[in-house]
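Structure record follows, encoded as structure tokens.
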Amino acid sequence: MPSSPALRRHCAAALLGLVLLAADASEEPPIEALLSDEERFISANAEFTLLHEMGHLLIAELDLPVLGREEDAADQLGFLSLFLSADRQRDAGFYARLLDIADYWRLEWQRPKPDYEEVHAWASHGLDAQRFYNLACLIYGSDPDRLEWVPKVTGLPMERALYCDQEYQQVSRALAWVKRQHGRRPGEPHGHRIRVIFDAPAQRIANGARLLALLQDSGEVEAIAARASAVYRLPRDLILRVVNCGAADAWYSRDAGELVLCYERLAHFQLLAAQLPRLRLNGAAMLCPACRHPAEGNRP
Ligand SMILES: [Zn+2]
């Protein structure tokens, strides 16, 4: 978030100018989606983290067959079935959250980090850059007609973007199969549920009380838990717990039947959010390369 209201207004005006100068109205994002909002960025990426871990939870609890890497499957399963293809209104706020999620992976990819935090080619997770492009592709592929601006704002190359609708359809077909096998039928009595527990944030978590209030006020954590147990026939009651764990982490423990989100991960999103205004101005400039970039003097 820009450090002062004046700077925030300047960024907003710059973005608005660039977007209005973009050539084709059908290719413009909603202006709200390009504006940086620290709380929205933290909340959207807490939600994505929970969705990814929900993917692991569903793979484990429903004993799903997995082709390819589980980490990629967890991104697709959680993000698509409980967010992207869920019955949500596709308004400016929805698109803003999509962009916040993609941009988190771009910031993570570009962030200089110590060796122990690097994701290596041999690791079980995809590289941050790959997760960024994979998510940008799924987002664009979910609605290419209305999301023409996504490749421009994210820098997703056309060579990949051309096939994103097919990638999205392929994942959708797999999810439809999962729902046929494990989804709750309309009118079926509610079965097992996911209970949400918030531990108190530790003193060492920067702005811990604010982060807890942000999550609780948004209602997103309970909503994700409720959505997962409403959509799928879970075999047992499970727990989703927000805790202090000493690392910016999250995981699903099959043994404990517990999905964990660490306060340290929320604090990490808070730190990265400071980089977002710079990223958004660059994204707006990509929409209109010929426009003058107000934050960078005379550079075209
Ligand atoms: Zn994972």
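The values are calculated or read from the model by the stated rules, or taken from the named source; none is laboratory data. These numbers were taken from a predicted model, which means no experiment stands behind them. Because the Cβ atoms are built from the backbone with ideal geometry, glycine has one as well, and the counts that use them run over all protein chains shown.
Before moving on, here are some points about what is shown:
- In the range 102-127, residue farthest from the chain's Cα centre (by Cα) [restricted to those that are within 15 Å of the ligand (Cβ to nearest atom) and modelled with pLDDT of 85 or more]: E108
- Residues within the range 244-266 that are under 27 Å from V119 (Cβ atoms) and more than 20 Å from the chain's Cα centre (by Cα), tallied: 8
- Residue match in the range 204-224 (condition: modelled with pLDDT under 95, touching a Leu at 6+ places or on another chain (Cβ under 7 Å) and over 16 Å from I42 (Cβ atoms)): no
- Within the range 147-160, residues that are over 21 Å from L276 (Cα atoms) reach partners that are modelled with pLDDT under 90 with beta carbons closer than 9 Å, at six or more positions or on different chains, in the pairs E148/D24; E148/S26; E148/E27; E148/E28.
- Test for R173: is it surrounded by fewer than 18 Cβ atoms within 10 Å (Cβ to Cβ) and under 25 Å from G68 (Cα atoms): yes
- Qualifying residue in the range 250-262 (condition: at positive phi and at pLDDT 95 or above): yes
- Every residue from the range 191-203 that is more than 19 Å from N45 (Cβ to Cβ), surrounded by fewer than 18 Cβ atoms within 10 Å (Cβ to Cβ) and of a type in the set (A, V, I, L, M, F, W, C): I197, A200, A202
- Exclusive hit being of a type in the set (D, E) and touching a His at 6+ places or on another chain (Cβ under 6 Å), set D37, D63, D75: D75
- Residue in the range 247-279 that is surrounded by the most Cβ atoms within 10 Å (Cβ to Cβ), counting only those that are more than 13 Å from the ligand (Cβ to nearest atom) and small (G, A, S): A273
- Criterion violated by I194 - all others in (1) within 20 Å of the chain's Cα centre (by Cα); (2) at pLDDT 95 or above satisfied: (1)
- Scanning the range 61-79 for residues that are over 17 Å from V221 (Cα atoms) and among the hydrophobic types (A, V, I, L, M, F, W, C), we see that the one that is nearest to the ligand (Cβ to nearest atom) is A74.
- The single condition from (1) surrounded by 12 or more Cβ atoms within 10 Å (Cβ to Cβ); (2) on the phi > 0 side of the Ramachandran plot that G219 fails is (1).
- Meets criteria (buried (at least 19 other Cβ atoms within 10 Å of the Cβ) and not in a helix (DSSP H, G or I)) for L156: yes
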